[in-house]
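The values are calculated or read from the model by the stated rules, or taken from the named source; none is laboratory data. Just so you know, these numbers come straight off a predicted model, no measurement behind them. Cβ placement follows ideal geometry from the backbone for every residue including glycine, while neighbour counts extend to all protein chains displayed.
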Amino acid sequence: MNEESLPLPEFTKVKYRTWQLDQMNPSQAQSATSHFLTDELGIEVSGTATSYYYLPKYLVAQGVLLTNINTAQSRYPQQLDKLLGQVIANNTDRLTAQNAQKFNTGILLYVPDHTVIKDVIHLNLNQLSVGGNDYIARVLVYVGRQSSVTILQSAHTIGSDTTKASLVVEVIADVGASVHYANLDAFSGKTTAYIHREADIRDHATLDWSNVAFNDGQVVTKLVSHLNGEGAVSHANIMAMTHHKQTQGFMTNMVNRGRHSLGHIYQRGVILNHSTLVFNGIGQIIKGAKGSDAQQESRVLMLSRRARGDANPLLLIDENDVTAGHAASVGRVDENQMYYLMSRGLSEKLARELVIRGFMGNVLAEIPTNRAQQAVINAIAEKLKNEN
């Protein structure tokens with residue numbers, strides 16, 4: 001099927017069609033310079049080239065694969081074929097099809113059965129915004145039976161050109177696997193982006209997302225957990241912050257197919273200036289998924305009367321023997337909290353920063369490294385500098 005005949009993905013109350021995200025040409029830019037990793041376990045891919053790599057010998061001996069996706073295409077084609085397009089069908093929508101046809105960078109992580117990795121694995125992607133072409137990346141993660149891993153994936157922009165980005169992530173958590181997938185999305189204000197993460201979670205496996213969206217440009221983000229196995233569990237913890245005239249739109253979806261599966265969505269957002277933030281959440285329980293649980297909570301904190309925030313929950317329940325619920329709110333800063341903090345000698349901006357950190361605290365606490373947590377705290381402070 002021609003990608004142009006496919007529909008664009010739906011992001012309720014987000015007008016993004018004029019962004020022309022379906023018209024991208026992949027950049028060939030590459031760099032050997034590592035911008036973020038120095039001695040961590042993981043890989044950094046800058047443009048299309050690997051700029052940092054460290055995987056201990058004992059993990060290599062256990063069969064763990066961690067590589068630039070271009071290297072995987074030449075050295076590990078069988079593993080790649082077993083993963084690529086297995087969670088997200090290439091004909092899902094026009095933007096996903098474009099990514100499948102044009103991606104030329106990304107990362108493959110393969111964790112074999114019965115492998116416990118105690119240290120955090122870093123997957124760093126750097127968009128090199130030079131030359132005017134776009135960034136099209138794919139990340140594939142397979143975590144085998146009874147295996148365990150914590151992943152911290154980040155996406156940054158290096159450079160100042162006006163570009164677009166497409167990032168698609170597929171994750172398979174096999175039977176009994178335990179996966180914590182944290183990410184820090186930080187594309188620049190001159191990058192318009194489409195981000196799509198999706199997971200297949202099998203019998204008695206757990207996959208928890210910690211999604212930090214601190215992009216500065218126009219971005220739509222889709223996150224889906226398919227709870228396909230009996231007793232499958234997934235929590236999607238999302239925090240986002242928008243400023244200036246920026247728009248960020250989210251579609252977060254938990255699909256309970258397995259019996260006694262659990263899918264929870266927890267979203268927190270802060271909006272400044274003239275920006276727009278939209279949270280769309282869908283909890284879906286398929287017929288036959290008896291004993292399942294679908295819950296969602298979305299809260300948006302407005303720090304400007306000129307900003308726009310939406311929290312749109314939806315439950316689609318096709319089974320009787322289940323539990324489900326949702327909560328949503330859009331509101332302003334509690335003036336009593338501000339008064340209390342400022343009465344203790346804090347400036348208004350510092351008081352606002354502390355209120356925001358408290359508001360996002362549950363998600364912030366899930367970020368797996370102190371360095372990444374501090375990066376988020378610094379980003380909050382930086383965005384507040386330009387508040388008006």
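Here is a yes/no grid of residues against (1) more than 30 Å from R357 (Cβ to Cβ); (2) of a type in the set (F, W, Y); (3) out of contact with any Lys or Arg (no Cβ under 8 Å at 6 or more places or on another chain):
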{"position": "F187", "(1), (2), (3)": "no, yes, yes"}
{"position": "D200", "(1), (2), (3)": "yes, no, yes"}
{"position": "A205", "(1), (2), (3)": "yes, no, yes"}
{"position": "D208", "(1), (2), (3)": "no, no, yes"}
{"position": "E230", "(1), (2), (3)": "yes, no, no"}
{"position": "A236", "(1), (2), (3)": "no, no, yes"}
{"position": "Q248", "(1), (2), (3)": "no, no, yes"}
{"position": "H260", "(1), (2), (3)": "yes, no, no"}
{"position": "Q267", "(1), (2), (3)": "no, no, no"}
| task | Determine the pairs where a residue that is of a type in the set (D, E), located within the stretch 1-23, has a partner that is crowded, with 17+ Cβ neighbours inside 10 Å and assigned to a loop (DSSP other than H, G, I, E, B) with Cβ atoms under 8 Å apart, the partner being 6 or more residues away or on another chain. | result | E3/D22; E4/D22
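Return the residues of the stretch 81-115 that are free of Cβ contacts under 8 Å to residues at least 24 places away in the same chain and not in a loop (DSSP other than H, G, I, E, B); say none if nothing qualifies. Walk me through how you get there before you give the answer.
Taking the stretch 81-115 as the starting set, the residues that turn out to be free of Cβ contacts under 8 Å to residues at least 24 places away in the same chain are 81, 89-90.
Result: D81, single match.
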| request: Collect the residues in the stretch 155-184 that are over 27 Å from N228 (Cα atoms) and surrounded by fewer than 23 Cβ atoms within 10 Å (Cβ to Cβ), keeping them in residue-number order. | output: H156, I158, G159, S160, D161, T162
| field | Any hit, the stretch 25-35, residues being in contact (Cβ under 8 Å) with a residue 40 or more places away in the chain, more than 23 Å from K164 (Cα to Cα) and surrounded by fewer than 17 Cβ atoms within 10 Å (Cβ to Cβ) | value | no
| task | State whether one or more residues within the stretch 96-117 are modelled with pLDDT under 95 and crowded, with 24+ Cβ neighbours inside 10 Å. | result | no
| request: With respect to H226, determine if the residue is touching a His at 6+ places or on another chain (Cβ under 6 Å), under 22 Å from I88 (Cα atoms) and not charged (D, E, K, R). | output: no
| Which residues, taken from the stretch 49-69, are under 13 Å from P112 (Cβ atoms) and of a type in the set (A, V, I, L, M, F, W, C)? | L59, V60, A61, V64, L65, L66
| said: Within the stretch 289-336, take every residue that is over 13 Å from N256 (Cα atoms) and among the β-branched types (V, I, T) and give me the one that is modelled with the highest pLDDT. | reply: V300
| said: One residue is enough: does the stretch 340-360 have a residue meeting the conditions under 27 Å from T12 (Cα atoms) and not hydrophobic (A, V, I, L, M, F, W, C)? | reply: no
| said: Go through (1) closer than 23 Å to V212 by Cα; (2) of a type outside the set (S, T, Y); (3) touching a residue at least 40 places away in the same chain (Cβ under 8 Å) for A324 and report which single condition fails. | reply: (1)
